[in-house]
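A short worksheet on the structure shown next.
The values are calculated or read from the model by the stated rules, or taken from the named source; none is laboratory data. Note that this is a predicted model, so its numbers are computed, not measured. Note that we place each Cβ from the backbone using ideal geometry, even for glycine, and neighbour counts take in every protein chain shown.
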Amino acid sequence: MAYRPLSAVVLAAGEGTRMRSATPKVLHPLCGRPMLLHVLDTLVALPLERIVVVVGHGAERVTKTLQEQLATEIPVEFVEQRVQRGTGDAASVGLTAFADELGTDDDVLVLTGDTPLLRADTLADLATEHRLADAAATLLTAELDDPTGYGRVVRDARGNVERIVEQPDANGAELEIAEVNPSIYCFRRAFLAPALRRLSPENAQGEYYLTDVVGVLRQAGHQVLGVAAADPTETLGVNDRAQLAVAEAILRRRICDRWMREGVTMADPARTYIDVTVELEPDVRILPGTMLEGRTVVGAGSVIGPDTRLVDTIVGERATITFSVAREAEVGDEATIGPYAHLRPGTHVGMRAKIGNFVEAKNADIGEGAKASHLTYLGDVEVGADANIGAGTITANYDGVRKNRTKIGRDAHIGSNNTLVAPVEIGDGAYTGAGSVVTRDVPPGALAKGVPARSEEGWVAARHARDETETETEEGV
Ligand code: UD1
Ligand code: CA
């Protein structure tokens with residue numbers, strides 16, 4: 001088998017008009033990662049000499065996103081296609097990244113930025129077939145029940161690939177062809193470059209079609225190989241939001257299957273939404289309606305859901321989170337959260353601590369074994385270990401100008417319906433009475449009670465009498 005170095009060119013300069021979006025198509029996310037990054041993650045898994053991305057529409061944004069989110073040894077190179085004249089023109093622009101040293105003979109994978117389901121093995125197999133056959137070009141093909149929108153693969157009487165015809169240029173018989181071009185090719189670069197120079201935009205869309213290279217190569221007497229994809233769903237192209245949803249559903253299922261193989265239980269994988277960036281440990285149990293997003297990590301034996309959304313949240317082992325929302329938070333081992341709790345950024349819930357129903361926490365350090373079981377707001381607060389926060393407690397952290405901190409000592413008991421007016425500190429083991437408004441520090445071991453209700457005896461009768469006099473006066477007018 002002829003070994004030649006292998007590189008890849010990704011076409012990602014198009015606007016993606018059919019998405020009807022202010023965001024370039026290739027940046028639309030699937031399972032928490034932009035479409036184009038899925039393609040690049042696949043490429044990075046292969047032994048490639050270089051990876052070239054052709055950018056154009058939203059070039060700056062696309063380049064920046066890739067640079068920020070792609071961790072790889074292989075430096076990705078960017079070339080700009082200033083005017084989008086079609087995929088053939090984009091491929092030509094991509095090839096300008098390759099210095100034409102004399103005697104270089106290499107292969108180049110050309111693919112589009114809108115096929116996020118493609119697997120590395122499929123590309124590796126394509127390159128192998130290409131080398132085994134010593135073909136000028138090898139294209140992946142797929143048989144689809146509904147080939148609408150794709151270029152069709154036209155084969156000659158002997159079954160060899162002859163050319164590709166785009167849907168807008170196809171005649172009735174060609175439209176019947178179920179074998180499509182997913183736009184995933186392996187080319188011998190020495191043959192691709194001259195073939196691209198022979199393209200013309202005389203077609204229904206007035207564009208330079210990369211697909212025309214196939215016919216050009218065949219006419220020049222070269223061999224073009226068509227290799228059927230083992231799993232046609234991998235070749236799904238995303239042009240509009242309906243296809244985006246279909247692709248995302250397939251990817252989501254793949255992610256769930258992977259975690260189930262790794263020892264995670266899912267009551268209903270069809271109703272479980274896990275980003276590609278999430279990490280789960282064995283014996284995690286996920287109940288329906290749960291979304292795990294971003295850099296979320298869940299430790300062994302924890303139970304998450306139903307209907308829980310965790311974004312960039314770290315959960316320890318054997319914790320329970322029910323019907324709740326958390327973002328940029330940390331939940332310790334064996335802690336219980338919810339139902340209906342909201343953990344906002346900067347919240348750290350200690351081991352075995354409890355955050356109960358209708359509790360909101362923000363920038364809150366909740367100590368080991370501490371409890372806030374009901375109807376509470378904990379903002380900018382440090383709660384000591386084993387402290388107990390009574391129902392309806394509010395940390396009044398905002399004085400209209402700045403956010404102030406509350407410190408509650410270990411083993412402190414905050415009575416029901418307290419307002420702790422920050423900055424304020426409740427000492428270790430201190431108690432506050434029900435309904436207190438605490439504006440001054442409470443020493444350790446002290447009891448603070450406040451705003452006692454004073455009774456005004458006979459107030460109700462007095463009011464009735466007053467009301468009656470007023471009514472008589474009005475009628476007398
Ligand atoms: C293309 C193929 C079609 C194939 C389909 C598979 C052509 C002419 N047609 O059609 O045979 O079935 O993909 O999904 O190649 N792009 C550029 N610069 C341009 C134009 C496009 O970089 O000037 C990029 C786009 O960003 C996109 C890719 O090339 O990532 C494909 O372009 P798109 O417009 O989606 O082509 P399709 O109509 O899907
Ligand atoms: Ca496309």
Tabulated pairs, the stretch 107-125, first under 21 Å from ARG254 (Cα atoms) and touching a residue at least 60 places away in the same chain (Cβ under 8 Å), second of a type in the set (Ser, Thr, Tyr) and more than 16 Å from ligand 2 (Cβ to nearest atom), C-beta under 8 angstrom, 6+ apart or interchain: LEU118/THR42; ARG119/THR42; ALA120/THR42; LEU123/THR42
Tally of residues being surrounded by 18 or more Cβ atoms within 10 Å (Cβ to Cβ) and over 14 Å from ILE164 (Cα atoms) across the stretch 132-143: 2
Matching residues, the stretch 3-40, being without any contact (Cβ under 8 Å) to a residue 24 or more places away in the chain and either under 19 Å from LEU117 (Cβ atoms) or touching a Ser or Thr at 6+ places or on another chain (Cβ under 6 Å) (or both): PRO29
The stretch 189-208, subset touching a residue at least 60 places away in the same chain (Cβ under 8 Å) and touching a strand residue (DSSP E or B) at 6+ places or on another chain (Cβ under 8 Å), residue farthest from ALA99 (Cα to Cα): LEU192
Of all residues making up the stretch 1-23, the number that are within 14 Å of ligand 1 (Cβ to nearest atom), over 16 Å from ALA90 (Cα atoms) and touching a strand residue (DSSP E or B) at 6+ places or on another chain (Cβ under 6 Å): 0
Inter-residue pairs, beta-carbon under 7 Å, first closer than 16 Å to GLY151 by Cα and within 12 Å of ligand 2 (Cβ to nearest atom) and in the stretch 234-249, second small (Gly, Ala, Ser) and in a helix (DSSP H, G or I), 6+ apart: LEU236/ALA247; VAL238/ALA247
Tally of residues being closer than 14 Å to VAL421 by Cα and surrounded by 13 or more Cβ atoms within 10 Å (Cβ to Cβ) across the stretch 436-450: 9
Pairs, first in contact (Cβ under 8 Å) with a residue 24 or more places away in the chain and closer than 26 Å to GLY16 by Cα in the stretch 146-163, second of a type in the set (Lys, Arg) and outside any loop (DSSP other than H, G, I, E, B), C-beta under 9 Å, six or more apart: VAL153/ARG163; ARG163/ARG218
Scope the stretch 178-196; condition under 22 Å from PRO5 (Cβ atoms) and within 16 Å of ligand 2 (Cβ to nearest atom); matching residues: ILE184, TYR185
Lone qualifier among THR87, THR63, THR115 - being modelled with pLDDT of 95 or more and touching a Pro at 6+ places or on another chain (Cβ under 8 Å): THR115
Condition met for LEU225 (within 16 Å of ligand 2 (Cβ to nearest atom) and among the aliphatic types (A, V, I, L, M)): no
Top-ranked residue of the stretch 24-63 - restricted to ones that are surrounded by 20 or more Cβ atoms within 10 Å (Cβ to Cβ), within 11 Å of ligand 1 (Cβ to nearest atom) and of a type outside the set (A, V, I, L, M), ranked as nearest to VAL108 (Cα to Cα): GLY56
